[in-house]
Structures are given as structure tokens and as C-alpha cells.
Number of protein chains: 2
Amino acid sequence: MLRSSLKFLFQWLFLMLLFFPIFSATKLRKTPRLSPFGPKFLRDPSKNIFSSSSLHSMKDFETKFYEQTLDHFNYQPQSYSTFKQKYVTNSRYWGGANSSSPILAYLGAESSLGDDFSYIGPLSDNAPRFKALLIYIEHRFYGESIPFGLEEDAILLKNESIRGYFNSEQALADYAEILRHVKEIFGAPKSPIIVVGGSYGGMLAAWFRLKYPHIAMGALAISAPILYFEDLIPHDAYFSVVQKDFKEQSESCFKTIEESWDIIYKIGSKPNGLSLLSRKFKSCSKLKKIDDLSEFIVNIYSSAAQYNEPPRYPVKLMCDAIDGAPDGTDVLGRILAGIQSLVGSDGNRGCYDLRGYSDYLTESWDWQTCTEMVIPIGGSDNITIVREKPFNMKERNKQCKRHYGVVPRPHWVTTYYGGYDIKMVLRKFGSNIIFSNGLRDPWSRAGVLENLSDGLLAVYTIEGSHCLDLNPASEIDTPWLTEQREKEIEIMETWLANYYAYLK
Amino acid sequence: MLRSSLKFLFQWLFLMLLFFPIFSATKLRKTPRLSPFGPKFLRDPSKNIFSSSSLHSMKDFETKFYEQTLDHFNYQPQSYSTFKQKYVTNSRYWGGANSSSPILAYLGAESSLGDDFSYIGPLSDNAPRFKALLIYIEHRFYGESIPFGLEEDAILLKNESIRGYFNSEQALADYAEILRHVKEIFGAPKSPIIVVGGSYGGMLAAWFRLKYPHIAMGALAISAPILYFEDLIPHDAYFSVVQKDFKEQSESCFKTIEESWDIIYKIGSKPNGLSLLSRKFKSCSKLKKIDDLSEFIVNIYSSAAQYNEPPRYPVKLMCDAIDGAPDGTDVLGRILAGIQSLVGSDGNRGCYDLRGYSDYLTESWDWQTCTEMVIPIGGSDNITIVREKPFNMKERNKQCKRHYGVVPRPHWVTTYYGGYDIKMVLRKFGSNIIFSNGLRDPWSRAGVLENLSDGLLAVYTIEGSHCLDLNPASEIDTPWLTEQREKEIEIMETWLANYYAYLK
């Protein structure tokens, strides 16, 4: 009896040991933020991004809800269910249906639509010029547009049946239905629609023009990394730009960062090393593992590079602090100085809640990255600015399976939307898409950076960062940013002129 | 007690009367056959449609099964289920991956793929010329490609959950996956794919090139009525061509048909009239209602016009019989003579099983027409060759709801695939599609009959009928058919030449 109990205990312990490393390895790895706007800690309080809001009064914006079909590609009775999808219109500047005045449509991405719409520059800035009707549509499963009357929280994502309806193809189909509906209710069958989006929303805008050309006459796809799938580009492309940004800012700053990793990992691996690092980096609670610190720091560097916006230029800010620390400051002290230059000298509570900076992505977006939006970002031997493992699909499968009960379909995005041989495929196919990028944005490496044809145009700036041109124009804009915006407007004006010439 | 029983009885009778007309009105209305090949009774036994089969030995065709994803646009665990989808390859003439030789892909439509593939002319005829790899893919839910291990029969369509996965968007996604897979297993990433289909399959081919240009380099869409949705064309377009075909063949023949309807309905409404009509038209069992006879006759006229192929020319055959009946033959006698000229003098059993001619569409296709393939064919005041009511969406909804528990989504095809303002929308969008038609085919009115742009070309013949150019070339082909085929081949050769020029 004792013998069999012992045997059972050993078996159990063996199983525990067998599975423990798997469980501990399956924490869901977050991909860098894919969003038009940087995290709060990065925002320059001196810069008012709502600079053009004076053009628009909140009362011009009308919020509506569309009875949206739950599943456009399935005919089970449940697929016919509907949910209320939020969209907002502003017709103050619209020239009307008689003149077939255009419609500018903002395609919402992986967040709530919010309440302030004047921050979408290409819409609010251009409404008077184009005499455009403005429309903003919330992406399904975000904000107030969640099926089954649920709210955007974890509960939603615990239901494996409900979240199945949550993906980009359904979202594009939603946009198609709502835009058709809006043209109907405004009695404007001939009004051309230009769709606009940034980041993931930029991908949606480009894909929408490709898949629904009969609904959108053109697309402005801002900072849309449509090539960050499968092996279309090297997996370390993102961090290679982060590295380049810092290196170009200051070689010595970069060297300091590079050196810091050996030191961090050396200290961290010693007994009591985590306590030392906790104190050094002022973490509010004691580090449980070195990865928590590493993730925090990597996120700061990535965010600084991605949102390296004028006039603050976070990469410059950090490197100035790292390079300019008082003589005698050690390497980790310099790194801390760099972090403090961005984040504030001592966080919010006299210390840094490390998770507060790294946990910047919503549960909903995690779901998307575990189904089709499998963006294979990872480190490589060439990357020394961060310590990141190469992207590992098997690991990712394991994480997603554990979190959501299903594994990603990494081939699907390239099968449905394409990407391979994009220049050859699209040179005679499609038209009226602007791919805009800023080359200091790590995501830009997965953007379209050359003209694919006369109708599919790349407009980029050397100095630009992520989604800068989605912000409203402002007096403090740099000349290159102003020029990028003007180019975009000029191209859209050509589209419209061609369209009206054909209508006549 | 008696009083309340009586009250109950009256209430029940009242409800019966209330609902009876609805029930009796909800028989599922069949739309005319949408298939490359005519019904059996129309096939000319003297014509061997497998004329080019000498090029291909059955052993060159390899049948394979692909583990296909059940639902490409949903991420419920069930969506990840797979089913075995049949496809067939023939690499006998393929020039190989080193020369990036092309792939000709036949997209299966609303029927089993069958076993004889040499009857798909554009593939079997052109394999040697193009040094092409041939591939034929069965449409999901037809033939051997049915999920859940079911067979193609009524049982399948009794399950409202299973049939939800059965629609054209999923079918196109299937084709995309299989074609990608085939390029992988043949190691041929640069081999351009041209997709080919006829009728519904022709719609799929055109739509596939529009939605998956990165997978198909071009499409030959034969007799594809992509505009027979919503109000893109008049609902009576189909019968207006049937009428025109007969009228142009013989004015007197048309007049006889026109006259016959008043006579048929007049007799049919008399006591014992149905018996009279049964005897007159040699129906095997006594007519239960006049609609059964009407449906039978309408189907004969429609089929004759749709498959009005050389050398038999069914419309001519019928009109010759109608006009040439012995002097003194009454109107109905002439109609019968016309029918007999096509169908044989006395059916199979010395009489006609009327349902045997009208029930030509599968249950599976009925499902498709009750979800998204809502083709609004109906009569009008202008149509006198048949007695058909105008298309009635409410009626259709009722029929489909009763049959399948869900109602059609008539707006979806035009929302997902487009169709409105097709010339304006596509003049600068898309390329490499041939829309081929024969103008005697009633479906042709819903086809693309003018060039939309330099890359989207209409190739039609005045004399042609439905899907003639999908048949293999044959010695008995008319000059205009040969010319149509040559035009198509010439265009495809240009696509390939441009493609290879770009590859270099």
C-alpha cells in the first residue's frame, strides 16, 4: 500500500516536473504596441494633439449604432444574430449628395473609438477642403461594439465561442456594410469614399481598398506594417530599426545600452542579484525574475524609437541623458538616467511599477495576435540593443493554445491578403492606395516603401516615426511632416479629380 | 363544454385557413439551371464532348485530398476542424518549376467534380501549348468534399449547423489554400496560376482573381452571370433572352408558344381540365396542379435557349417541329411536337415524368440560392413566352425560411463582390480577367459584355450559348466558336508573356 502510494507520488512529481517548464514558458509574449498613439508616459504634455479641434465642435459629431451581422461568412442561425456597432458621422462640411461630395472614413483599429474625433488629422483637417462627410467606425469587439451585450473586458475573452467572431475579415465586412448603409441613409450613391487608418488600422485601410474597391475608392494607409507576416521580412526587422535609431542618435549611447545587458544578466544571476536590480531600477516591488526588468527596459527603448516624435524626440532625450550623466555614473546608472528622462525621475509612486509600462496591450489584441495577426518579431545575433530570443512559432502556438484553446493560423494573413511578391502581384492590380511611413518607426520596415505602380504609392519621411501623419496638422510640425501631408492631399485630390472627370 | 369545444374548433379552423395559403405558397422556387452542361435530355448523342480526351490518359490524373479548414473566417475551436477536399492534378505536360511554367486551375462549381477531367476544354486543350500543370478542385459540400464525413444527400442539408459553412467565400478561401499548397508541393513558387470556371464556376473564377490576385495571375470566367443580383439588371432579363431566341428563330413559332399559355390556363381551370392536359402532354401521372405542367414547359424552353448549341441547335429543332407540324395540328399539339423534338417522342416510359425534367437542381444548390446566391429571376409584362410571376423577395424569404430556417442575404453578394457601377469601379482596378459569353445564353444578360479596362476584357459571340467555350475544341466547332477560343488563348498568352518579361 505504502509502496503504491509512493509510486503514485513519484509519478505525480515526475509529471509536475515534466509540465512545469512548459507552463512557465507559456506566458503570452506581447508584441510591441501597434497603435497610432504612444503610451501615456511618452506623450509630450506641451504638445496639444487636438490642435485642429477648433474646426469641429463636439455637437457636429453624431453617434449612431448599426445592427451588424455577427458572422458574414457563415449561415448558421447564430451567424444571423446582430450586435450594435458604433459609428460616428460629421456632416458639417459635407458638400452634399448633389455634388457627389466625398466621404472620408476612419476605420477603427484595436481600441475603443473614444469620444474625441478631431484627433484624426486626415479627416478633421481635410473636411473643409474636400467638403467631406466624415465617418468613424469602431472595430468589432472593441469599445462599445461588442456582441452579446458584453463589455470590453476579460470575461469576453473567456468565451471561446463568442471570440471566434473576432477577426479582421469580419471587421472589413462590417465596414463594408456600414459604409454602404451610410451612403444609403445620406442618399449619396455616387459619393466616393476614401478610407483612412493608422497602424493595424492602416493595414485594414489598405486591405479594404484591395478587397472592397467597389466600396472604397481609395485608401490612406498610415504606418501599416502589412509585410510583418510569416517570412516576408526578417523577423528581427523591428529591433534592427530600434537599434539603428539609437546608434544614429549617438554611438556612445548605443554602446552603453549594449554593455548594460551583460551587466544586468550577470547581476541578475547572482544570489540576491534580483534585489540589487530592484533597488537600482527603483521597481516598486521586488523583481521575481530578470525577464520582468528586461521587458520593461525593452519596451522603453521600443516605444522611444516608435514614437520618436518632434519636438520631444524621445530617442534623443534618452541618449542625451545616458551620455550626459555626471562623470563617474556607472552603466546601469546611465540606463536609469535614460529611462528617467522619458518616464519621469521616479515614476508615479516614487518607484516604477514595471508592469505598468510593459502591459500596454489589451487582452483583445492579444487574441488577435493568437489567431491571424501573428507578427513574428524577435531578436537575432545582429541585435544587441535588446536581449530578445528569435521568434519561435512553436512556442507561440503553445502560449496561444494555453491562453485561448486554439493555435494561430500564421499562413492565413498571407493567403487572404497576400504579401509575397507584392510588387509583381500588384503592379497591374489595384489602385488608389497611399502607403505612408516614417523610417525611424521600427514598424516601417514592414511597410510598403516603394511605389508598386502608378496607383499604389509610397510616401515616406526619413525622420518620421509611427503614425505621425495621422495627427492633425499643427504649427509645430516639421517641414518634412508638412510636406508628407501635402503629398498625401495632392494624391487624394488627383483621385477625386479623376473620379469626377469620369462621372461627367 | 360543447360550446368551448366548438369555439376551439373554429379557432383551429380559422388558423388553418390563415396559414394554409402561406404553407402552400412556400414551395421552394427553382431558378434556371446554372451549370456548364445542359440537362441529359438536351445532350446530342452524336456529339462527343470528350473529343480531346485522346490527349489525356486517365492515368495522368492524380486524385488527392487536402485537409481543409472548416471555417476560414472564424476562430471558434470547431472552425479549426478539417475535412478532406478533393483535387486532381495532371502534370504530364507541365514544363516544370525551373521554367516557371504555368498552372491552369479549374474551380469546381455546384456539382461533384466527377472522374473525367478531359471535358474541361481550356485545361485539356491548352496543357501542351502552355506546358501547363493542370489542377481541378472540387467545391466544398459537393461530391466527395463534404465536411463531417457526410455524403452529398438530403441528410447533409437537414443539419442547420453543418450547412452554415457552405458558401462561396469559404469556397474561394479553400481554393486559395489548395493552390498555395500545390505550388508548395510542386516547388513552383513562381509558376503563374490562371483560374478557369464556367457559369457559377465562372463567377468564382472572376471573383477569385479579384479577391486573391496574389494567388491567381489571371482568370477565364466563362458565362459568368456576376450581375444577376439585387437590381443590377432587370429581373426579367433571363426570360427576355429566351423570348428573343425563339422570336429570332421563328416569329410564327414564338406566336404559337405565346398563344398556348392562354389555352393551357383556360383548359386547366375547367373541371376535368387537368385530366385533359395530362393526356394532351402525356404526363405519366395525372397533373395535380397546372403549375407542374407550366414548370415542365418553361424548363424545356429555358434549357433549349440556354444550351442552344451547334450542331443541334435546340431552339431551331423545337421551332421547326412547332412550325412544321402537319396542317390542322392545334396549338397544344404543336407545343407537344416541339417538346418531343427535343425530349424524344414519348419520354422514357411511353409518357413524360414531368418532375424528371424540372427537378434538375440539387438540394445543395437550393441552399446556396437561399443564402447568398439570390438570383432574382422572374417574369414581367414584357415576357409572353412563359407565364412567370415577377420575382418576389418576400416570397423567397418565406420559402427559404421554411426550408432552411434562415432567410437569404440578398445584399451580401453585391457588398462582398461588388457589381454596382462595375465599369467605373473596375476601370482602374484589377486586371487579367476574360469574361466570355454567348449572347443566345439567357444568362449572358448578367455577364460582362464590354471591356471594363485594358485588363478586364469581354469576349462574346452573337450565336453562342451557355459555356460553349468550356467544352473541348472539336472538329465540328463553328468558326465563331473557334475564333472565341483563339481570342481567349491569345489574351492568356499575352498575360504570360508580360509575366515572364517581368520575372526576368
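The values are calculated or read from the model by the stated rules, or taken from the named source; none is laboratory data. Model, not experiment: these values are computed from the prediction. Note that we place each Cβ from the backbone using ideal geometry, even for glycine, and neighbour counts take in every protein chain shown.
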**Request:** Name every residue in the stretch B:131-181 that is among the β-branched types (Val, Ile, Thr) and either in a loop (DSSP other than H, G, I, E, B) or within 12 Å of chain A (Cβ to nearest Cβ) (or both), in order of residue number.
**Result:** B:ILE146, B:ILE162, B:ILE178
**Item:** Restricting the stretch B:130-172 to residues that are in contact with a Ser or Thr (Cβ under 8 Å, 6 or more places away or on another chain) and either free of Cβ contacts under 8 Å to residues at least 24 places away in the same chain or among the acidic types (Asp, Glu) (or both), the residue that is nearest to B:LEU107 (Cα to Cα)
**Value:** B:GLU138
**Request:** Given the conditions (1) without any contact (Cβ under 8 Å) to a residue 60 or more places away in the chain; (2) within 12 Å of another protein chain (Cβ to nearest Cβ); (3) closer than 18 Å to A:ARG209 by Cβ; (4) surrounded by fewer than 21 Cβ atoms within 10 Å (Cβ to Cβ), report the number of the one that A:PHE429 does not fulfil.
**Result:** (4)
**Prompt:** Any residue at all in the stretch B:455-468 that is in a helix (DSSP H, G or I), at pLDDT 95 or above and crowded, with 24+ Cβ neighbours inside 10 Å?
**Reply:** yes
**Complete:** Restricting attention to the stretch A:275-297, the residues that are of a type in the set (A, V, I, L, M, F, W, C) and either assigned to a loop (DSSP other than H, G, I, E, B) or surrounded by fewer than 21 Cβ atoms within 10 Å (Cβ to Cβ) (or both) number exactly 5
**Request:** Within the stretch A:298-320, work out how many residues are in contact with a Ser or Thr (Cβ under 6 Å, 6 or more places away or on another chain), surrounded by fewer than 24 Cβ atoms within 10 Å (Cβ to Cβ) and not hydrophobic (A, V, I, L, M, F, W, C).
**Result:** 2
**Fill in**
Residue hits (the stretch B:246-274; surrounded by 17 or more Cβ atoms within 10 Å (Cβ to Cβ) and among the polar types (S, T, N, Q)) are B:GLN249, B:SER250, B:THR256, B:SER260
**Asked** When A:PHE73 is evaluated against the numbered criteria (1) surrounded by fewer than 22 Cβ atoms within 10 Å (Cβ to Cβ); (2) within 14 Å of another protein chain (Cβ to nearest Cβ); (3) within 23 Å of A:TRP207 (Cα to Cα), which criterion, by number, is the only one it fails?
**Response** (1)
**Asked** Is it the case that some residue within the stretch B:89-100 is in contact with a Gly (Cβ under 9 Å, 6 or more places away or on another chain) and either within 14 Å of another protein chain (Cβ to nearest Cβ) or not in a loop (DSSP other than H, G, I, E, B) (or both)?
**Response** no
**Asked** So which residues in the stretch B:303-314 are assigned to a helix (DSSP H, G or I) and at pLDDT below 95?
**Response** B:SER303
**Item:** Conditions (1) under 30 Å from A:PHE130 (Cβ atoms); (2) surrounded by 17 or more Cβ atoms within 10 Å (Cβ to Cβ): number failed by A:ILE185
**Value:** (2)
**Asked** Do the conditions hold for A:GLY218, that is, is it within 12 Å of chain B (Cβ to nearest Cβ) and buried (at least 19 other Cβ atoms within 10 Å of the Cβ)?
**Response** yes
**Prompt:** For the stretch A:452-495, which residues satisfy the criterion of being within 14 Å of chain B (Cβ to nearest Cβ) and not aromatic (Phe, Trp, Tyr)?
**Reply:** A:LEU452, A:SER453, A:ASP454, A:GLY455, A:LEU456, A:LEU457, A:ILE491, A:THR494
**Fill in**
Only one of A:ASP381, A:ASP441 is farther than 30 Å from B:TYR502 by Cβ, surrounded by fewer than 17 Cβ atoms within 10 Å (Cβ to Cβ) and more than 14 Å from every other protein chain (Cβ to nearest Cβ), namely A:ASP381
**Prompt:** Counting just the residues of the stretch B:112-159 that are surrounded by fewer than 21 Cβ atoms within 10 Å (Cβ to Cβ) and hydroxyl-bearing (Ser, Thr, Tyr), which one comes out farthest from B:MET203 (Cα to Cα)?
**Reply:** B:TYR119
**Message:** Looking only at the stretch B:488-497, filter to residues that are out of contact with any helix residue (DSSP H, G or I) (no Cβ under 8 Å at 6 or more places or on another chain) and buried (at least 17 other Cβ atoms within 10 Å of the Cβ); which one of those is nearest to B:ILE194 (Cα to Cα)?
**Reply:** B:TRP495
**Prompt:** Among the residues of the stretch B:246-271, which ones are of a type in the set (Lys, Arg) and either in a helix (DSSP H, G or I) or under 15 Å from B:GLY338 (Cβ atoms) (or both)?
**Reply:** B:LYS247, B:LYS255, B:LYS266
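The rows are residues; the columns are (1) surrounded by fewer than 21 Cβ atoms within 10 Å (Cβ to Cβ); (2) under 18 Å from B:GLY455 (Cβ atoms); (3) modelled with pLDDT under 95; (4) within 11 Å of chain B (Cβ to nearest Cβ).
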{"position": "A:LYS398", "(1), (2), (3), (4)": "yes, no, no, no"}
{"position": "A:VAL407", "(1), (2), (3), (4)": "yes, no, no, yes"}
{"position": "A:HIS411", "(1), (2), (3), (4)": "yes, no, no, yes"}
{"position": "A:LYS423", "(1), (2), (3), (4)": "yes, yes, no, yes"}
{"position": "A:PHE435", "(1), (2), (3), (4)": "no, no, no, no"}
**Message:** Whether any residue in the stretch A:328-350 is within 14 Å of chain B (Cβ to nearest Cβ), buried (at least 22 other Cβ atoms within 10 Å of the Cβ) and touching a helix residue (DSSP H, G or I) at 6+ places or on another chain (Cβ under 9 Å) is what I want to check.
**Reply:** no
**Asked** Take the residues of the stretch A:444-454 that are in contact with a strand residue (DSSP E or B) (Cβ under 6 Å, 6 or more places away or on another chain) and without any contact (Cβ under 8 Å) to a residue 60 or more places away in the chain: which is surrounded by the fewest Cβ atoms within 10 Å (Cβ to Cβ)?
**Response** A:GLU450
**Message:** For the list (1) part of a loop (DSSP other than H, G, I, E, B); (2) more than 30 Å from B:PHE208 (Cβ to Cβ), I need the number of the one condition that B:GLN243 fails.
**Reply:** (1)
**Prompt:** What are the pairs, 6+ residues apart or on separate chains, where a residue within the stretch A:328-341 that is charged (D, E, K, R) has its Cβ under 8 Å from a residue that is crowded, with 18+ Cβ neighbours inside 10 Å and outside any helix (DSSP H, G or I)?
**Reply:** A:ARG334/A:ALA325
